[in-house]
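Notes follow once the structure below has been shown.
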Amino acid sequence: MLLAIDCGNTNTVFSIWDGEKFLCTLRTSTHHARTADAYFTWYSTLVKHYGIEADITDVIISSTVPRVVFNLRVFADRFFGCRPMVVGKPECLLPQAPRVDAGTQVGPDRLVNTAGAFDRHGGNLIVVDFGTATTFDVVGHDGAYEGGVIAPGVNLSLEALHMAAAALPHVDIAKPQRVVGTNTVACMQSGVFWGYVGLVREICTRIKAERDQQMMIVATGGLASLFQQTEALFDAFEEDLTMHGLTVIHRYNKENTPR
Ligand SMILES: Nc1ncnc2c1ncn2[C@@H]1O[C@H](COP(=O)(O)OP(=O)(O)OP(=O)(O)O)[C@@H](O)[C@H]1O
Ligand SMILES: CC(C)(CO)[C@@H](O)C(=O)NCCC(=O)O
Ligand SMILES: [K+]
C-alpha cells in the first residue's frame, strides 16, 4: 500500500492508497520541527481509530516546504522500511517535463496537480488550487506543466489586512450577503470574496485568450467549493486532485524505473 504525503505551507495531508481507493485522509499543520517519531504517534493513533489495516510498502512525498522532507524521510525509513519518492527530486520521474524557464523550481504541488488533472481529463487544462497561495497551473496538450499564475491565498489575503491595519480584526472567509458591507467584517469579506471571484474569472479568461483555445478549468483545495457554490467559475471541482496526482506519479515511477 502507498502512503501519499502532501505538505503545503499551512497543512500536511497523509492519505493511504490501496491501489483502488483512498482508505483515509489525515490532516495536520505543517511544522518543520516535527520529528519522525511525532509523525508516527499521530499517524498510528488515527489509523487505529479508523480501524484501518494498512500495510505500507511505499511512500511518496510532495512538499512545498523543503525543511520538512528530512523528518518525513526518516519517518518512512524507520517505520515502513522504505525510501520515499520525493516529487521534484531528479530521481523522481514526471510523466512530462515542465516547459518553464531554465532554473525554475516549480512547486511540487503544482507538478502533482498537473499529473493528476491530465490523468483524469487529458490536456489543455487550467488547474486552480486554493491553498496558502492560489495557484493556476496550465497543463499543455501532452500533459506538461507550461506555467501559470501565483496569487495570494484567500485566508492569506484576509490575514494580511488584519496584520497591516490596527482596526481590522481577524476574519474568516464567508460569502457576504451583499457587496456593500455595513460593518467592518462584512466589508472585509466582500473585498476578498468578490475580489477573488473577479480574480479567478479574469485570470482564466486571459489564459484562454493568450493561448487562443478553449481550456477546461479544474479546481481543488479547501476553499474552491465556497466559490463554486456562488458562481460557475470551474468546470470541475475535485477535492482529491493532489492526492490523485501523487498516485499517478508513484505508478509512473514504478512502471518506468529499472529495479
Ligand atoms: N468555508 C471555509 N472557511 C474557511 N476555511 C475553510 C473553509 N473550507 C475549507 N477551509 C480551509 O481550507 C483548508 C484546506 O485547504 P487546502 O488543504 O487546500 O490548503 P491549505 O492546507 O490551507 O494550504 P496548503 O496546502 O498550502 O498548506 C483547511 O485548512 C480549512 O480550514
Ligand atoms: C506557490 C506555492 C507556495 C503553492 O503551494 C508552491 O507551489 C511553491 O512554493 N512554488 C514554488 C514556485 C513555483 O511554483 O513557481
Ligand atoms: K494544497
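Of all residue pairs spaced 6 or more apart or on separate chains, those with beta-carbon atoms under 7 Å, a first member in the range 208-232 that is open to solvent by 60 Å² or more (accessible area, probe 1.4 Å) and a second member that is in a helix (DSSP H, G or I) are Gln214/Lys208.
How many of the residues in the range 29-59 are part of a loop (DSSP other than H, G, I, E, B) and either assigned by the TED database to the domain that holds Glu238 or among the basic types (Lys, Arg) (or both)? Counting residues in the range 29-59 that are part of a loop (DSSP other than H, G, I, E, B) and either assigned by the TED database to the domain that holds Glu238 or among the basic types (Lys, Arg) (or both) gives 1.
If the condition is being without any contact (Cβ under 8 Å) to a residue 12 or more places away in the chain and closer than 25 Å to Leu111 by Cα, then the range 184-207 contributes Glu202, Thr205, Arg206. Within 21 Å of Arg251 (Cβ to Cβ), open to solvent by less than 10 Å² (accessible area, probe 1.4 Å) and either within 16 Å of ligand 2 (Cβ to nearest atom) or not small (Gly, Ala, Ser) (or both): is that true of Phe75 in this structure? Spelling it out, it is not the case that Phe75 is within 21 Å of Arg251 (Cβ to Cβ), open to solvent by less than 10 Å² (accessible area, probe 1.4 Å) and either within 16 Å of ligand 2 (Cβ to nearest atom) or not small (Gly, Ala, Ser) (or both).
The set of residues from the range 5-28 being assigned to a strand (DSSP E or B), open to solvent by less than 50 Å² (accessible area, probe 1.4 Å) and within 16 Å of ligand 2 (Cβ to nearest atom) comprises Ile5, Asp6, Cys7, Thr12, Val13. Hey, can you tell me all the residues within the range 6-44 that are among the hydroxyl-bearing types (Ser, Thr, Tyr) and either closer than 22 Å to Leu156 by Cα or within 13 Å of ligand 3 (Cβ to nearest atom) (or both)? Within the range 6-44, Thr10, Thr12, Ser15, Thr25, Thr28, Ser29, Thr30 meet the criteria.
Applying a threshold of 7 Å to beta carbon distances and a minimum spacing of six or more residues, or different chains, the list of pairs starting in the range 2-21 at a residue that is within 14 Å of Ile60 (Cβ to Cβ) and ending at one that is of a type in the set (Asp, Glu) and surrounded by fewer than 21 Cβ atoms within 10 Å (Cβ to Cβ) reads Leu2/Asp58. Checking every residue in the range 158-180 against the condition of being more than 30 Å from Val248 (Cα to Cα), assigned by the TED database to the domain that holds Gln229 and touching a Lys or Arg at 6+ places or on another chain (Cβ under 9 Å) gives zero matches. Of the numbered conditions (1) surrounded by 13 or more Cβ atoms within 10 Å (Cβ to Cβ); (2) outside any helix (DSSP H, G or I); (3) at pLDDT 95 or above, Glu91 satisfies every one except a single condition; which is it? Glu91 satisfies all of (1) surrounded by 13 or more Cβ atoms within 10 Å (Cβ to Cβ); (2) outside any helix (DSSP H, G or I); (3) at pLDDT 95 or above except (1).
Residues are listed down the side, and each one gets a yes or a no for (1) of a type in the set (Lys, Arg); (2) within 16 Å of ligand 1 (Cβ to nearest atom):
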residue	(1), (2)
Lys175	yes, yes
Gly181	no, no
Val192	no, yes
Asp212	no, no
Gly221	no, yes
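Matching residues to (1) over 13 Å from the mean Cα position of the chain (by Cα); (2) within 16 Å of ligand 3 (Cβ to nearest atom); (3) within 22 Å of Leu2 (Cβ to Cβ):
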position	(1), (2), (3)
Gly81	yes, no, yes
Lys89	yes, no, yes
Gly103	yes, no, no
Pro108	no, yes, yes
Gly122	yes, no, no
Phe130	no, yes, no
His141	yes, no, no
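Across the range 201-255, the number of residues qualifying as in contact with a Lys or Arg (Cβ under 8 Å, 6 or more places away or on another chain), over 27 Å from Gly19 (Cα atoms) and part of a helix (DSSP H, G or I) comes to 3.
The values are calculated or read from the model by the stated rules, or taken from the named source; none is laboratory data. Fair warning: this is a prediction, and the values are worked out from it, not measured in the lab. Note that each Cβ is placed from the backbone with ideal geometry, even for glycine, and that neighbours are counted across all protein chains shown. Ligands, DNA and RNA are excluded from the accessible area calculation, which covers all protein heavy atoms including side chains. Shrake-Rupley method; radii C 1.70, N 1.55, O 1.52, S 1.80 Å.
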